[in-house]
Amino acid sequence: MLLSEAKELPAMTELTITKPDDFHLHLRQGDLMKQLVPLTAESFARALVMPNLQPPVVSASDLKSYQKDLAAVGSDLQLLMTFKLMPSTTPQMVAELRQAGAVAGKLYPQGVSVNSEDGVTDVEALYSVFDAMQEQNLVLCIHGEMPGVGEMEAETAFLPTLQALHTNFPRLRIVLEHVSTRAGVEMIKSLSATVGATVTVHHLLLTIDDVRHDHHINPHHYCRPVCKSEVDRKILLETVLSGHPQFFFGSDSAPHLKATKEVSTGEPSRGVFSTPVALPLLAQLFEEYDQLSRLEAFVAQLGADFYQLPKNKDSITLQRSPWTVPQEYFGVVPLWAGKTLEWKI
Ligand code: NCD
Ligand code: ZN
Ligand code: ZN
């Protein structure tokens, strides 16, 4: 064997990349928001901020007031604002939202996720709104699950709706958020480059076996869409590791207080909190498959390209310096709590 082929290269100790973007993030409100904004800024330059608040971000004035609250926290995190599409949203509102600085509108089919009881039941009824979004060059982000369908099949059942949207609005940029299935990945690849998908850390790492054991649920792995089978996970991982340009990082980090997660009766709240561990976990995963050189594109280039944004100017350094993930951040249990990670920001 030639020396250059020797496998035992000295392990890298430092990795500097363009500061990443998180194209799907829940920054919440109130005290939690005040903690989340600076924590996010440690890892990310920009974040696409989800609008599923109570009450939701629906109008231009809602958007401005939420943006003001987030900015008042004070950090260098750049906010990419979104609004929630309601059955009552109009093309006129879309124009005003664009004017107010919205980057994307979010479609939650009714009842499929947290705070979506007021979501959309008739997607076609919103076609004039999608047309306005297409004309205004806004991105349509979709929580792609079909209401009333079991959690393992809900994403697959939604895919024909996604396909129809793309057929009717070929110039509208559409993102299938938190893609979780092989069928979803294959659908995205079959559509043109105006359609993309965000991929979370937890869907790259976990399967349904990490979520449910007999009748026990691990609440800190419990989210919508639920993590699926090993086959699904492998396809997501292969796609991301291959550097496919339609798939980029969006954490869907969705913190819920421990008290609403570790419940003795009823269902735990759904959402995985991954902000403080996302980049170290991704670095570890990409390194494990010898693709560390592709991490930067996944977290800092492909999403920016899709959103037609310039690449960030700042950089971030990860160091190989094992650390134990805290059990809690301000009352929220993070993904990988208590476990050791190789890379540290
Ligand atoms: C999200 C939340 O908690 O806001 N939860 C989740 O399980 N992903 C909502 C969402 O992204 O659908
Ligand atoms: Zn969602
Ligand atoms: Zn989300």
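Express as a percent, rounded to the nearest 5, the fraction of DSSP beta bridges in the stretch 3-344 (both residues included) that run antiparallel. Can you show the working numbers first?
Working: 12 of 39 bridges.
Percent antiparallel among DSSP bridges in the stretch 3-344 is about 30.
Hey, which aspartates and glutamates would be in cross-link range of LYS228, C-alpha to C-alpha under 18 Å, not counting anything within fewer than 8 residues on its own chain?
Cross-link targets: GLU145, GLU151, GLU153, GLU155, GLU177, GLU186, ASP209, ASP210, ASP214, GLU238, ASP252.
Please list, in chain and number order, the residues 5+ apart from SER315 or on another chain whose amide H is under 5 Å from its amide H, with Hs placed from the backbone.
Hits under the 5 Å cutoff: LYS19.
Could you let me know the centre-to-centre spacing of the stretch 54-127 and the stretch 166-244, using Cα atoms, in angstrom?
If you average the Cα positions of each part, the centres end up 23 Å apart.
What Kirkwood hydrodynamic radius, in Å, does the chain give when the mean of 1/r is taken over all pairs of distinct Cα atoms and then inverted? Don't jump to the answer; show the numbers that get you there.
Numbers: mean 1/r = 0.0490 Å⁻¹.
After inverting the mean inverse Cα-Cα distance, the result is 20.4 Å.
Which loop GluC sites (Glu not before Pro) in the stretch 157-265, with loop taken from DSSP, have no more than 15 other Cβ atoms within 10 angstrom of their Cβ?
GLU262
Under the Kirkwood approximation for Rh and a Cα-based Rg, what ratio Rg/Rh is obtained for the stretch 12-118? Each step should come with its number before you reach the end.
Values: Rg = 14.9 Å, Rh = 14.6 Å.
Ratio of gyration radius to Kirkwood radius for the stretch 12-118: 1.02.
Would you please name the chymotrypsin sites (Phe, Trp or Tyr not before Pro) within the stretch 258-345 that are DSSP coil residues with at most 15 other C-beta atoms within 10 Å of their C-beta?
Details: sites: PHE273, PHE286, TYR289, PHE298, PHE306, TYR307, TRP323, TYR329, PHE330, TRP336, TRP343; in loops: PHE273, TYR289, TYR307, PHE330, TRP336.
Hits after loop and neighbour filter: TYR289, PHE330.
Pairs LYS84/LYS234; LYS258/LYS339; LYS189/LYS313: which exceed 24 Å Cα-Cα? Write down the numbers at each step before the final one.
Numbers: LYS84/LYS234 32 Å; LYS258/LYS339 18 Å; LYS189/LYS313 30 Å.
Listed pairs above 24 Å: LYS84/LYS234; LYS189/LYS313.
In deg cm²/dmol and to the nearest 500, what is the mean residue ellipticity at 222 nm of the chain if only DSSP H runs of at least 4 residues count, each as -39500 (n - 2.57), divided by the residue total? Walk me through the intermediate numbers first.
Details: 13 runs with 117 residues, N = 345.
That calculation yields -9500 deg cm²/dmol at 222 nm.
Coordinate-derived values only; no laboratory data. Keep in mind that this is a model prediction, so the values were computed, not measured. Here the Cβ is made from the backbone with ideal geometry for all residues, glycine too, and neighbour counts use every protein chain on show.
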